[in-house]
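These notes are about the structure you will find just below.
The values are calculated or read from the model by the stated rules, or taken from the named source; none is laboratory data. Small disclaimer: the values here were computed from a predicted structure and weren't measured. All Cβ positions, glycine included, derive from the backbone under ideal geometry; neighbour counts span all protein chains shown. What goes into the accessible areas is simple: the full protein's heavy atoms, side chains included, and nothing from ligands, DNA or RNA. Shrake-Rupley method; radii C 1.70, N 1.55, O 1.52, S 1.80 Å.
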Amino acid sequence: MLSPERLALPDYEYLAQQHVLTYMEDAVCQLLENKEDISQYGIARFFTEYFNSVCQGTHILFREFSFVQATPHNRASFLRAFWRCFRTVGKNGDLLTMKEYHCLLQLLCPDFPLELTRKAARIVLLDDAMDCLMSFSDFLLAFQVQFYYSEFLESVAAIYQDLLSGKNPNTVVVPTSSSGQHRQRPTSGEASMLEGVEASLFCQCLENLCDRHKYSCPPPALVKEVLSKAQRLTFYGFLVALSKHQGTNQALGALPDKGDLMHDPAMDEELERLLVQVPGLANSVTASPETSCLPSRTPPRGASPWRPHHHPHKVDAESDGSTEETDESET
């Protein structure tokens, strides 16, 4: 049955809003690349399995970053996959460094950019050294905001810098890849003289930004609530507050509330069912059996029904400027 939202939109607007053409293009490219294998099963079965994987959110596993970030649904699916695969880190109380979390991200997306992981870690660590340890829940919530709202945060950073320098806050800001979200942070001396910007003025600018921003951004009511809790606010103070606000999780729908991040009964039940089918394996698994199902460093290309292609995709979300190739030695 069609939803009321679907009936209220013209066909072309609905297709654009749901990024249907992006998935059709990806499916057809995979079909052409793997036509010999697919001929054994049939085209109808291929499209059925492909779009089932899209609905289930498994289509992004082991795919290239350009595809992982291509749509809001892909980003939400990647966040959920990362949480489900590695929540055992949090259950065990393990603390990891930024580079170790980046290695985990690369298990799901081999070319995931290091700079994006750095930006997420900076929200947690603030002025601490980047090699400090972080809990899984702290990193995950910061990563969720940085990854899903990357283009929005680029614009927020540019507005913040303009406010600090006294420029007109109503000027339309168009961030470039060279601007960088964290292009320049105030020194400790600057921070002591002026702790951030006036929250009410910052809020006004971000409300205007939300109205005109064509990419994903937090609900304006959520932004207003976060900024209403202080008279002055730094850029990182805003990011920390946004990442910890329960409304962010509710708006994205990719992760459970912070108190439930370590619980996934459906996954636990499925893993227990699978482990029982493997003689001798169940006894070797500890209280966190999902660790046995973590993806390998060189995973099989089987996230969707057929091997994913590597042709350029039509990306529906603007790059956040952090997709340059990373040095494998850094991981």
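Annotations for the structure displayed:
- Difference of contour (0.36 nm per residue) and Cα-Cα distance, Gln18 to Asp127: 35.3 nm
- Couplings for the range 127-144, taken from phi via the Karplus curve 6.51 cos²θ - 1.76 cosθ + 1.60 with θ = phi - 60°, read 8, 6, 5, 6, 9, 6, 7, 10, 6, 4, 5, 5, 5, 4, 5, 5, 5, 4 Hz in order; Gly and Pro are left as x.
- Each of the peptides 105-115, 73-83 was scored by the mean count of other Cβ atoms within 10 Å over its residues; in descending order, highest first, they stand as 73-83, 105-115.
- Length gained when the stretch Cys55-Glu225 is fully extended (0.36 nm per residue, less Cα-Cα span): 58.0 nm
- Karplus-derived 3J(HN,Hα), 6.51/-1.76/1.60, for each residue of the range 119-126, Hz, glycine and proline x: 4, 5, 5, 5, 4, 7, 7, 6
- Accessible area (Å², 1.4 Å probe, nearest 10) - Leu104: 30
- Calculated on alpha-carbon atoms, Rg and Dmax of the range 4-56 in Å: 13.5, 41
- Placing pseudo-labels 7 Å out from each Cα toward the beta carbon at Ala8 and Thr48 gives an inter-label distance of 3.4 nm.
- Of Lys214/Lys244; Lys214/Lys258; Lys99/Lys258; Lys91/Lys214; Lys167/Lys258, those spanning more than 31 Å from alpha-carbon to alpha-carbon: Lys91/Lys214; Lys167/Lys258
- Per-pair calculated FRET efficiency, R0 = 56 Å: Arg273 and Glu207 via Cβ, rounded to 0.05: 0.70
- Phi-based couplings in Hz for the range 18-26 (Karplus 6.51, -1.76, 1.60; Gly and Pro marked x): 8, 6, 4, 5, 4, 6, 5, 4, 5
- Under 5 Å between amide hydrogens, built in the peptide plane, is the criterion, and for Val197 it picks out Leu233, Thr234 among residues at least 5 positions away or on other chains.
- By accessible area with a 1.4 Å probe, ligands and nucleic acids excluded, highest first: order of Met134, Met24: Met24, Met134
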